[in-house]
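First up is the structure itself, then whatever we jot down about it.
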Amino acid sequence: MENVFKQIFYWMPFLFGIGFIAPLIAQTMNLWHWQAPFGLSNIGFGLIIGGAWGLQTVIRGRWI
Amino acid sequence: MLEDPKLDHGAIKAPVEPALYEPALDTGGAPALPLGRSDGLDRHTRRDLRKEEIEIARQFHGGRMWPYAVAAFGCFALWVSFFPLAIMGYLNLPLACLISCVIATGGYVTSHEAMHSNIARKGEKLRWLNEAVGAVSTIPIVFPFSMARIMHLEHHYHCNDPLKDPDYTDEAPNWWMAIYKTWYNRQPGVDGSIHHYKRILSEMGTPEAKRALKETMLLQLFFMAVLFTMSWNGYAIEAALLWWLPRHVGLSYIRFYLSWAPHHPREGKTGRYENTNLFKSKLGHVMSMGMQYHIIHHMYPGIPNHRTKHAYYAMRHILEARGVDVSPLPAVKGN
């Protein structure tokens, strides 16, 4: 059980990226009537940005 | 007959190795062990000052503590009510965000009183209230009371010790670096802030420390679950403005004003009268949460936050005699 929680917290920045940043990006774009590039949906665009950002944070240990 | 000094009987003089202690070479440099700054007082004077100090401090202990409980529960209830109100569209989000930032930051003050059992001590009738105030106050910053209390008491026991003071990682050379560090220390791969606390608790290994670690993990998971659920149901902006952003603002504000400002510079300053500074806050007494007089809190943690200013002015002459730099604050109490 402890190992499961360790893994969850290890991957938390990635989960945060897709669980929170992605919908936040999509809903902010909707609010300001912005369209995602390359014919992507706003949530698809949010998932790419949020997922990639979270993943690099897991690897580097820094959000920026 | 004059001797040729270059020859000196053929012997070349080597540099003289001094004895263990050579008074002539003693330039009064730094001691081998870092010693506290001397106040130049003899032990009788110190004892008399200490007795007077204790007498004065006694007058400021206790007092009305119910406003802390009212503030803690009132603010927590208001903050929780923001979530359904925001979902129903009845809330001015920017204003609610601002109020949430104030609640998240101010919650530490009420929790802090509970950490020192200033609302009620163990065995007293209202002990449950003390624990409840502590528990609700720091939920907005996702910092469980159990962890906050252990870490804060460790900070008091080992103030400014680079290895034992859990808040030592907040040290920075100037105010803008201190603000940057409040954010930097929260990065997932940096051993600062709550990550540092978690490591210390793991090393402590006591039942209380294990409980604090468990509660921290549960509160963090609850925070994430709320953010994710709200976000994927169309309320990501509400979640960000009511909890995520206020938490970060609150944590940075608390780290800056309650940790960096009153203890900078930390290095080598571990003595009772030197581990905390008096400083003049540009934002004033209330906005700095009374931290200008934080030295009183470190000397007497039982004096509640709202009375530290009055206690300071009552014992200012003693602090000055003990070598505390009292110049940053006016000699006479203002309103």
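Remark: B:ILE194 matches the filter, which requires a residue to be within 14 Å of another protein chain (Cβ to nearest Cβ), under 20 Å from B:ALA114 (Cβ atoms) and part of a helix (DSSP H, G or I). For the stretch B:128-174, a residue qualifies if it is at pLDDT 95 or above, farther than 25 Å from B:PHE76 by Cβ and aliphatic (A, V, I, L, M), and exactly one does: B:ALA172.
Of all residues in the stretch B:285-300, none satisfies the criterion of being open to solvent by 40 Å² or more (accessible area, probe 1.4 Å) and assigned to a loop (DSSP other than H, G, I, E, B).
The set of residues in the stretch A:1-46 being within 12 Å of chain B (Cβ to nearest Cβ) and open to solvent by 70 Å² or more (accessible area, probe 1.4 Å) consists of A:MET1, A:GLU2, A:VAL4, A:LYS6, A:TYR10, A:TRP11, A:ASN30, A:LEU31, A:TRP32. When B:PRO207 is tested against the conditions (1) closer than 25 Å to B:GLU154 by Cβ; (2) within 13 Å of chain A (Cβ to nearest Cβ); (3) not hydroxyl-bearing (Ser, Thr, Tyr), the lone failure is (2).
Scan the stretch A:47-64 for residues that are under 10 Å from the mean Cα position of the chain (by Cα) and either open to solvent by 40 Å² or more (accessible area, probe 1.4 Å) or of a type in the set (A, V, I, L, M, F, W, C) (or both) and the total you get is 6. Among what's in the stretch B:236-276 and is polar (S, T, N, Q) and surrounded by fewer than 21 Cβ atoms within 10 Å (Cβ to Cβ), pick the residue that is farthest from the other protein chains (Cβ to nearest Cβ). So, considering only residues that are polar (S, T, N, Q) and surrounded by fewer than 21 Cβ atoms within 10 Å (Cβ to Cβ), the one farthest from the other protein chains (Cβ to nearest Cβ) is B:THR270. The listed residues are B:VAL109, B:VAL142, B:VAL133, and the only one of them that is open to solvent by less than 40 Å² (accessible area, probe 1.4 Å), outside any helix (DSSP H, G or I) and either within 26 Å of B:VAL249 (Cα to Cα) or touching an Asp or Glu at 6+ places or on another chain (Cβ under 9 Å) (or both) turns out to be B:VAL142. Only one of the numbered conditions (1) among the hydrophobic types (A, V, I, L, M, F, W, C); (2) closer than 18 Å to B:PHE143 by Cα; (3) touching a residue at least 24 places away in the same chain (Cβ under 8 Å); (4) in contact with a helix residue (DSSP H, G or I) (Cβ under 7 Å, 6 or more places away or on another chain) is not met by B:LEU219, and that is (4). Criterion applied to B:PHE228, B:PHE279 was being of a type in the set (Phe, Trp, Tyr), within 12 Å of another protein chain (Cβ to nearest Cβ) and in contact with a Leu (Cβ under 9 Å, 6 or more places away or on another chain), and the one residue passing it is B:PHE228.
The values are calculated or read from the model by the stated rules, or taken from the named source; none is laboratory data. These numbers come from a predicted model, not from an experiment. Glycine also receives a Cβ, built like all others from the backbone with ideal geometry; neighbour counts cover every protein chain displayed. Accessible surface areas use protein heavy atoms only, side chains included; no ligands, DNA or RNA. Shrake-Rupley method; radii C 1.70, N 1.55, O 1.52, S 1.80 Å.
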